[in-house]
Amino acid sequence: MALYPVIMCGGAGTRLWPASRPSRPKPFLKLTGDRSLFQETALRVAPLAQGGRLIVVGGQGHSRWITDQLAEIGVEAQILLEPEARDSGPAMAAAAAWTQRIDPLGVNAFVASDHHIPDASAFRAAVTEAAAEAERGRIVTLGVAPTSPASAYGYIKPAGRGLSRVEAFVEKPDASTAGGYILAGYLWNSGNFIVRAGVLMDELRRHAPGMAEAALAALPEEADDTVLGAAFAEAPKLSIDYAVMEKTDLASVLEVHFQWSDLGAWDALAAIEGGGGGKRVLQDAEGCVIRAAEGMVVAAVGVRNLAIIAERDAVLVCDLDRAQNLKGVIEALKSESPSHLDFS
């Protein structure tokens, strides 16, 4: 079996504004150490490409971020650049179509570019186990054993423990509902998928034929070319969950117990004591995420449970208990100061 890990470079992540913006999205930020989240992901998954090849799917506007950051860590990859964002379904379809063209039996491991998984060995062991099941024709997702009734994650109802059939995918619940899910044995939906490329393409043809057709038509003529063709824009704009996973009867879940976070908002960074950086002067400041842009300094005295994020053109001060909902701020900026939604 040849394994082709696929790193999915997603959107900006508005809940990490003002640090994450469309031209410099979350995956390329250094939030947990000296390397970006994308670089940490590449180093974690590149060893899985035994007999296959590492693939990176990202936006055409982020080409420089991808190539430069891969070069910094000495990792090589096949890059597929989307002419426009069409959600995770078309991006995964393009990578699967590329894989199947060069290796009809190849297995893809689709992973997000911006998740925090400090135990790389445990992650690779789980993917390897899932890949064996994927080789037998299943679509395997990794379900993380919950450590709290988090309302920021989707959940999976497994048929049993360990590796089992998926009985249901459920949307992000409120905290009370999440507590009930945990008691019932539900798992956090990590958004990682391991599947034979041909199986995914067959399921796309069955459940989202327009997506499969657009991905195939958008493949570059030469295997080493990077830019997907204009036909990619014709793909329905759908996540893989809606396009396939909620419809297929091939879904399995592997229960995993390593530390995992999607780092979806500043409170998630606080939970792992990450997100900070730059010059800071702190006195009696506890439980805070404080981040200063290059050339700036942030001083904080006598504060608790805050995110203080200072970029050169914008500053966010937010109670961490409300960090999951910056939607109102983003909506206000769209009308009052749209230039601050991205870097000029």
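All of the numbers you see were taken from the coordinates with simple rules; none came from a lab. Only a predicted model underlies this, so the values are computations on that prediction, with no experimental measurement involved. Cβ sites come from the backbone with ideal geometry, for glycine too, and all protein chains shown count toward neighbours.
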Checklist entry - At what distance in angstrom do the alpha carbon centres of segment 121-136 and segment 64-104 lie from each other? => result 21
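If you take the alpha carbon radius of gyration of segment 289-335 and divide it by 2.2 N^0.38 Å, what ratio comes out, to two decimals?
1.24
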Next on the checklist: If I model a spin label at Val301 and Ser337 as a point 7 Å from the Cα along the Cα→Cβ vector, what separation in nanometres do I get?
Outcome noted: 2.5
Checklist outcome for this item: Cα-Cα pairs in segment 195-344 separated by more than 28 Å, as a whole percent of all pairs, come to 51
Checklist entry - In Å, what is the Rg of the alpha-carbon atoms in segment 58-160, and how long is Dmax? => result 16.0, 44
Item to check | Taking the chain and dividing mean pair separation by its residue count, relative contact order in percent (alpha carbons under 8 Å, at least six apart) | outcome: 20
Item to check | Crossing angle, helix 197-207 versus the chain [Cα axis fit, 0-90 degrees, rounded to tens] | outcome: 90
Item to check | Potential extension, Ile330-Glu246 segment - 0.36 nm per residue separation minus Cα distance | outcome: 27.2 nm
Checklist entry - What is segment 1-126's relative contact order, in percent, from Cα pairs under 8 angstrom and six or more apart in sequence? => result 38
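Based on the alpha-carbon gyration tensor of segment 83-232, what equivalent-ellipsoid semi-axes (square roots of 5 times the eigenvalues) come out, in whole Å, largest first?
30, 17, 15
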Checklist entry - Beyond 26 Å, what share of the Cα-Cα pairs of segment 1-122 remains, rounded to the nearest whole percent? => result 15
Next on the checklist: Going Cα to Cα from Lys157, which lysines come in below 28 Å? Please leave out same-chain ones fewer than 8 positions away.
Outcome noted: Lys172, Lys237, Lys247
Checklist outcome for this item: Label model pair Ser148, Val317: point-to-point distance (7 angstrom along the Cα→beta-carbon line) in nm is 2.5
Checklist entry - For the chain, what size does the Cα cloud have along each of its three principal axes, sorted from largest down, in whole Å? => result 59, 47, 38
Checklist outcome for this item: Given the candidates Trp17, Gly59, Leu263, the one whose Cα lies deepest towards the positive end of the charge dipole of the chain, counting +1 at each Lys or Arg C-beta and -1 at each Asp or Glu C-beta, is Leu263
Next on the checklist: Sequence gap at least 6, Cα distance under 8 Å: using those rules, report the relative contact order of segment 56-141 to the nearest whole percent.
Outcome noted: 22
